[in-house]
Amino acid sequence: MVWLGVDLGDARVGLALSDPELTFAHPAGNVRVFGDSFQALDDVIGVIEDESVERVVVGLPLQLDGTEGKSAKKARRWAANLAKRMQDYIDAGECAVAHVPDIILLDERLTTVSAHRQLHEAQVSGRKHRPVVDQQSAVVILQSALDANE
């Protein structure tokens, strides 16, 4: 069983995958989206098919007070669109998996801060953070879900 973590961004959508034992999350790259994270849906579906993903954990960017703003609502729409598009592909026989994986949303407040800290601790220079921080944020999101699953 493999889980996929997703960090939605305006420039990139970061991805992370778990190991089959659901112990560790590791970076799985970024999808460039040029201002529209919905452009990443087919790429994410490709990863789900290629890796036989059973659960997708999408970061839910709540505001610091815990309420939902525009970004959180967009994340909910993105997750719903992922499920719908996958189901459409499955119904049309155009998908390599037989069912839509579980899609959950997980509070991602401060994950970018945590990702930057982890990159700094790994001695990745500050100017090199930008291309990898989204996938590192996806690692933080996914690892939180894996730890909560124990």
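In this structure, does residue 84 turn out to be within 14 Å of the chain's Cα centre (by Cα) and more than 20 Å from residue 28 (Cα to Cα)? Reasoning before the result, please.
Numbers: within 14 Å of the chain's Cα centre (by Cα): no; more than 20 Å from residue 28 (Cα to Cα): yes.
Considered against the rule, which asks whether it is within 14 Å of the chain's Cα centre (by Cα) and more than 20 Å from residue 28 (Cα to Cα), residue 84 comes out as no.
Looking at the stretch 48-90, which of its residues are open to solvent by 30 Å² or more (accessible area, probe 1.4 Å) and in contact with a strand residue (DSSP E or B) (Cβ under 7 Å, 6 or more places away or on another chain)? Full working, then the answer.
As a first pass, look at the stretch 48-90 and keep what is open to solvent by 30 Å² or more (accessible area, probe 1.4 Å): 49-52, 54-55, 61-68, 70-71, 73-74, 76-77, 80-81, 83-85, 87-90.
Once the filter is applied, which keeps residues that are open to solvent by 30 Å² or more (accessible area, probe 1.4 Å) and in contact with a strand residue (DSSP E or B) (Cβ under 7 Å, 6 or more places away or on another chain), the stretch 48-90 yields 51, 52, 54, 55, 62, 76, 83.
Give 17, 82 a once-over and let me know the one that is outside any helix (DSSP H, G or I) and modelled with pLDDT of 95 or more.
Working: 82 fails: outside any helix (DSSP H, G or I).
Exactly one of 17, 82 is outside any helix (DSSP H, G or I) and modelled with pLDDT of 95 or more, namely 17.
When the stretch 43-72 is filtered for residues that are modelled with pLDDT under 95 and part of a helix (DSSP H, G or I), the ones remaining, listed by number, are 70, 71, 72. For the stretch 32-42, the set of residues classified as surrounded by 23 or more Cβ atoms within 10 Å (Cβ to Cβ) and either modelled with pLDDT of 95 or more or among the charged types (D, E, K, R) (or both) consists of 40 only. Of all residue pairs spaced 6 or more apart or on separate chains, none has beta-carbon atoms under 6 Å together with a first member in the stretch 57-70 that is closer than 15 Å to residue 135 by Cα and of a type in the set (Asp, Glu) and a second member that is at pLDDT 85 or above and open to solvent by 30 Å² or more (accessible area, probe 1.4 Å).
Counting only residues that are out of contact with any His (no Cβ under 7 Å at 6 or more places or on another chain), aliphatic (A, V, I, L, M), over 17 Å from residue 77 (Cβ atoms) and buried (at least 21 other Cβ atoms within 10 Å of the Cβ), how many does the stretch 4-27 have? Of the residues in the stretch 4-27, 3 are out of contact with any His (no Cβ under 7 Å at 6 or more places or on another chain), aliphatic (A, V, I, L, M), over 17 Å from residue 77 (Cβ atoms) and buried (at least 21 other Cβ atoms within 10 Å of the Cβ).
The values are calculated or read from the model by the stated rules, or taken from the named source; none is laboratory data. Worth saying up front: this structure is predicted, and the values here are computed from it rather than measured. In this analysis, Cβ positions are derived from the backbone assuming ideal geometry, glycine residues included, and neighbour counts consider all displayed protein chains. Accessible surface areas use protein heavy atoms only, side chains included; no ligands, DNA or RNA. Shrake-Rupley method; radii C 1.70, N 1.55, O 1.52, S 1.80 Å.
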